[in-house]
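Every number here is computed from the coordinates shown, using simple stated rules; none is lab data. Computed from a predicted structure; not experimentally measured. Using ideal geometry, Cβ is built from the backbone for each residue, glycine included, and neighbour counts are taken over all protein chains shown.
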């Protein structure tokens, strides 16, 4: 238990799985009161019940404007304030070459990846401007800053989230409202394998697949470890807390160093191969 978020009222979208689920738990452990916004009613209500008076669940489809308005209104009605909105909800996109993607695929990706963030920010901003305080955190991705880290539509959407974050950060700064984003990379969650049951995978097979992904990250990534939801949750704690009053418009990359390039060892090996090619030995 801690007190880094004592007295804060926080909304976390996508709070019933992966990064969102663990972030809800950690925010409550740090003293926050949390509105869990997600579509999965059974999981969301069970989580809220377990966390007691510090959390409650509101079924929310983040692509629906009425749902976002209701989510904001519910937090205000219950607690009278909103100190932080974590736009965490996300999802996969069509994974095809550009010439095989449809315009419907494009619109669906924009609606989920960008539209949901826009709506959350739009409807929480009036209250935060009135309070003259608040922290908005958007979940982006290293796919938004580095080519080849995700499908085209997913990467496009996350790049837009980063730009939206920076644009609104300067717009809202004079009102005391901070806007930042977090770009995860190499975080092992079920999202990496999508809806595994839709692909005929059992829960056990999915768990083994995630284990293999973890092993790959531990071998391939510079810090030699796979990322966990806790890594993102604690980054969000910092941005939501009073520890970051001087921080706005930032994209906090949490990716075990993968966007820096290959590890020093691999670079040395490649350098040696290059020297052999040059010398002809």
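Label-to-label distance for residue 244 and residue 224 is 3.0 nm, based on points extended 7 Å past Cα in the beta-carbon direction. P(r) tail, the stretch 58-107: Cα-Cα pairs separated by more than 16 Å, 56% of all pairs. Helix 203-220 and the longest principal axis of the Cα set of the chain meet at an angle near 60°. Shape summary of the chain, radius of gyration then Dmax from alpha carbon positions: 19.9, 74 Å. Axis angle, to the nearest 10 degrees, between helix 152-172 and the longest C-alpha principal axis of the chain: 50 degrees. If you wrap the tightest convex hull around every Cα atom of the stretch 1-95 and split its volume per residue, you get 93 Å³. When you restrict to C-alpha pairs under 8 Å that are six or more residues apart and normalise by the size of the chain, the relative contact order lands at 18 percent. Here the stretch 39-146 is treated as a sphere whose radius is the Kirkwood value from Cα pairs; by Stokes-Einstein at 25 °C and 0.890 mPa s it diffuses with a coefficient of 157 µm²/s. Here, the stretch 84-196 has an Rg and a Dmax of 15.0, 47 Å when only alpha carbons are counted. What is the helix-to-structure angle for 229-240, meaning the angle in degrees between its Cα long axis and the longest Cα principal axis of the chain, kept from 0 to 90 and rounded to the nearest 10? Relative to the chain, helix 229-240 is tipped by roughly 50 degrees.
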